[in-house]
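Taking it in order: structure first as structure tokens, then the write-up.
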Amino acid sequence: MNGKEIVRRTLAFENPKRLACGLPELTDFWFQRCEAKTYATQWQPIDDRRWERKDEWGNTWGRLEATSQGEVTRGVLEDVPLDAYVFPDYSRFEDYQNVVEACREYSDRWVVGSMPGFTFNIARKLMRLENYLADLLLEPEAMRLLHDKVDLMLADMIENYAKAGVDAVMFPEDWGTQTQTLIGPACWHEEFFPRFKALCGLAHARGIKVFMHSCGAIGGIIPGLIEAGIDLLQFDQPTLHGIDNLAKYQEIAPITFWCPVDIQKTLQTKNETIIRAEAREMVEKLWRGRGGFVAGQYGDNASIGLEPVWQEIAGDEFMRCGRCL
């Protein structure tokens, strides 16, 4: 049973022989991004303290230290009107030939096409978050026009990734603060749920799954995400949601969770007993030998201020517990 079959059975809750893993020492996945031309540039020093870069949309990002991921400091639509802005072109299948090759080379793994986000993640950067959130309330028709343009581009990506042969697409979309969603669940259901449902429906019609990463407390929209068709939710703070609460969602629908040991709470204890206990709890409550859980590891120890050993301990416990005997 290779990695691809382990993941397939995990998502289908069909009793894989071991826990699906996205760990440095064992990964069942291969991520590939297409080669479409965008506005992206590398980080460049501006002075002795500041760095800047352009993202794929042409938004300006800034950061104050080399290890930070930074944030959008100016959205491209602050300077260019929407009707004059040219989106990156993701419609050319020629730009996905590297994905075709990856699907062939890593045929024993679950190949994932990397997307830059869904509607919210892209639109909010184009305008900068504070402007965008205000206009969601003050200029809803203009925001719908922007969202429609973004969704057309995302549909092109899904179509081409599916044609290239991926098993799933995955996108990041941070919807939460540490206490609640960035917008009210009612607003999310009105404006974004239909868009999620349409894009997930397109992916499923083409035979591929949809994975989503999100940070923050998004419990208010998790049922809507599941209903819309998200197959896997990747959380770096599982205890923010409550592991028991995540297990309850699985009683309603076959949703898979992909998590490391909590990066802000549990790993920060630097206590081996506590770290192993949380890894074991997720295996026992979310996987249970039937599927529905992927063991993860956060990819940037420096940004969370940890030595690698603490995540290595978590990975060891995941692998020790995650086998069907």
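For this structure, a couple of remarks:
- Computed over the chain, relative contact order equals 19 percent, with contacts defined as Cα pairs under 8 Å that lie 6+ residues apart.
- Note, ³J(HN,Hα) from phi for the range 215-228, Karplus 6.51, -1.76, 1.60, rounded to Hz, x at Gly and Pro: 9, x, 8, 10, x, x, 10, 4, x, x, 4, 5, 4, 5
- Note on N2 and Q69: the extension gain reaches 20.7 nm, defined as 0.36 nm multiplied by sequence separation minus the Cα-Cα distance.
- Between the residues F193, A102, S91, the greatest Cα displacement towards the positive end of the dipole of the chain, with unit charges on the Cβ of Lys, Arg, Asp and Glu, is found for A102.
- Backbone amide hydrogens, once placed in the peptide plane, bring Q180 within less than 5 Å of A217, excluding anything fewer than 5 places away on its chain.
- Relative exposure of V99, V72, V80, judged by other C-beta atoms within 10 Å (fewest first): V80, V72, V99
- Around the Cα centre of the chain, unit charges on the Cβ atoms of Lys, Arg, Asp and Glu (plus for the first two, minus for the last two) sum to a dipole of about 900 debye.
- Taking 25 Å as the limit for the C-alpha separation, the pairs K4/K37; K265/K285; K17/K209; K37/K149 exceed it in the case of K4/K37.
- Calculated [θ] (222 nm, deg cm²/dmol) that DSSP helices of n ≥ 4 give over the chain, each run adding -39,500 (n - 2.57): -11500 deg cm²/dmol
- Loop-located trypsin sites (Lys or Arg not before Pro) in the range 90-198 whose Cβ has at most 14 other Cβ within 10 Å (DSSP): R92
- Per-residue 3J(HN,Hα) values for the range 126-140, derived from phi via the Karplus relation 6.51 cos²θ - 1.76 cosθ + 1.60 with θ = phi - 60°, read 4, 10, 6, 4, 5, 5, 5, 4, 5, 6, 4, 8, 8, 10, x Hz in sequence order (x marks Gly and Pro).
- About the centre of its Cα atoms, the range 38-88 shows a dipole size close to 120 debye [charges on the beta carbon of Lys, Arg (+1) and Asp, Glu (-1) only; nearest 20 debye].
- Inter-label distance, E227 to R49: 4.8 nm, where each label sits 7 Å from its Cα along the C-beta direction.
- V294, V111 arranged by Cβ crowding within 10 Å, fewest neighbours leading: V111, V294
- Label point of L306 set 7 angstrom out along Cα-Cβ; within the range 218-235, amide nitrogens under 14 Å from it belong to 235.
Laboratory data are not the source of any read-out in this text; all were calculated from the coordinates shown. As the structure is a computational prediction, the values presented were derived from the model and not from experiment. Note that each Cβ is placed from the backbone with ideal geometry, even for glycine, and that neighbours are counted across all protein chains shown.
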